[in-house]
1. Quick check: anything in the range 164-186 closer than 25 Å to residue 50 by Cα, open to solvent by 30 Å² or more (accessible area, probe 1.4 Å), part of a helix (DSSP H, G or I) and aliphatic (A, V, I, L, M)?
2. Residue 89 fails exactly one of the following numbered conditions: (1) in a loop (DSSP other than H, G, I, E, B); (2) touching a Phe, Trp or Tyr at 6+ places or on another chain (Cβ under 9 Å). What is the number of that condition?
3. Under 9 Å by Cβ, and 6 or more places apart or on different chains, what pairs join a residue from the range 107-119 that is under 22 Å from residue 136 (Cβ atoms) and at pLDDT 90 or above with one that is among the aliphatic types (A, V, I, L, M) and open to solvent by 90 Å² or more (accessible area, probe 1.4 Å)?
4. Search the range 82-114 for residues being open to solvent by 60 Å² or more (accessible area, probe 1.4 Å) and hydroxyl-bearing (Ser, Thr, Tyr), and hand back the single one that is nearest to the chain's Cα centre (by Cα).
5. Please name all residue pairs, on different chains or six or more residues apart, with Cβ atoms under 6 Å, provided the first residue is in the range 167-184 and is under 19 Å from residue 47 (Cα atoms) and the second residue is open to solvent by less than 20 Å² (accessible area, probe 1.4 Å).
6. Considering every residue within the range 69-78, establish whether at least one is touching a residue at least 24 places away in the same chain (Cβ under 8 Å), among the polar types (S, T, N, Q) and surrounded by 15 or more Cβ atoms within 10 Å (Cβ to Cβ).
7. Can you give me the number of residues within the range 9-38 that are open to solvent by less than 70 Å² (accessible area, probe 1.4 Å) and outside any strand (DSSP E or B)?
8. Here are some conditions: (1) free of Cβ contacts under 8 Å to residues at least 24 places away in the same chain; (2) under 30 Å from residue 21 (Cβ atoms); (3) of a type in the set (A, V, I, L, M). Residue 156 meets all but one. Which one does it not meet?
Amino acid sequence: MIDEKLLVSWGGTYRTLEKNETLFSEGTECIFYYQLVEGQLKWVNITDDGKEYLQRLINPGESLGEIPLFDGGSYVSSSIALVKSTVIRLPKSSFQDLLKDHPEIHFELTKRLAQYLRFKFFLLKEMTSNEPEKLVVAVLNYLKDTQQYVSLDDHLVHLTRQQIADLTGLRVETVIRVIRNLHVEGKLKIENRKVFLFE
C-alpha cells in the first residue's frame, strides 16, 4: 500500500516471522505501523476456548493493525504468520508524521479502513439470518463483487473451508455441508476440492 522505499526513508525496518509466529497480540500496545512484504498473515480474534474468528487474511502489500494508530487504544485482534513472512514496520510516531507529510496516503488508508468497516456491517447483518446457506452465499458473493479472495478470471475462491468458517462464525462441518449442497444445487462448482463461483 505504501511504497517500501518511502517507509524505509522514514525509518522503516524489516522483520521476518516464522510460520505460526505472532506479530502482535490482541490487547497489547500498538507501537508500529505494519505492512506485509512477503508471505501471508491472518488477523484474528481468539476466544477463551481457543476458537479463532478470522478478521482478514493479509497478503503482500497490505497493512494491518491500523486502528490503534488512530485511536490510541490497544490492538483489537492478533496477527499470526500462516507461512514464513516478512513485514516492514514503522514506529507509530514516524507513521503519523508521514501521513501529515503525505495526505494522499492518509486518504487511501482511510478509504481502505472504510471498506473494511463496510464489510463488517454487511457481515453482522447477514449473520442475524441464522441460515448458514444464506450467510455463506452472501459472503462469497460479496467477496467476489469486491474482488477479495476470489480470482477475477475463473472465480476461484482463495479461502479454505476452515477460513470461511472462521470468517462467518460457523462450524467448519456446517460450511463443508453448505458448500456441498450449493454444488449439488448448481449454485457453485467444486473441482479438485477447489470452490469456483459462477458469474
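1. yes
2. Failing condition for residue 89: (1).
3. none
4. For the range 82-114, the residue satisfying everything is 110.
5. 167/54; 168/135; 168/139; 172/165
6. Within the range 69-78, one or more residues are touching a residue at least 24 places away in the same chain (Cβ under 8 Å), among the polar types (S, T, N, Q) and surrounded by 15 or more Cβ atoms within 10 Å (Cβ to Cβ).
7. Of the residues in the range 9-38, 7 are open to solvent by less than 70 Å² (accessible area, probe 1.4 Å) and outside any strand (DSSP E or B).
8. (1)
The values are calculated or read from the model by the stated rules, or taken from the named source; none is laboratory data. Small disclaimer: the values here were computed from a predicted structure and weren't measured. Reconstructed Cβ throughout: ideal geometry from the backbone, glycine too, with neighbour counts over all protein chains shown. The protein model used for the area step is the full one, side chains on, heavy atoms only, and it has no ligands, DNA or RNA in it. Shrake-Rupley method; radii C 1.70, N 1.55, O 1.52, S 1.80 Å.
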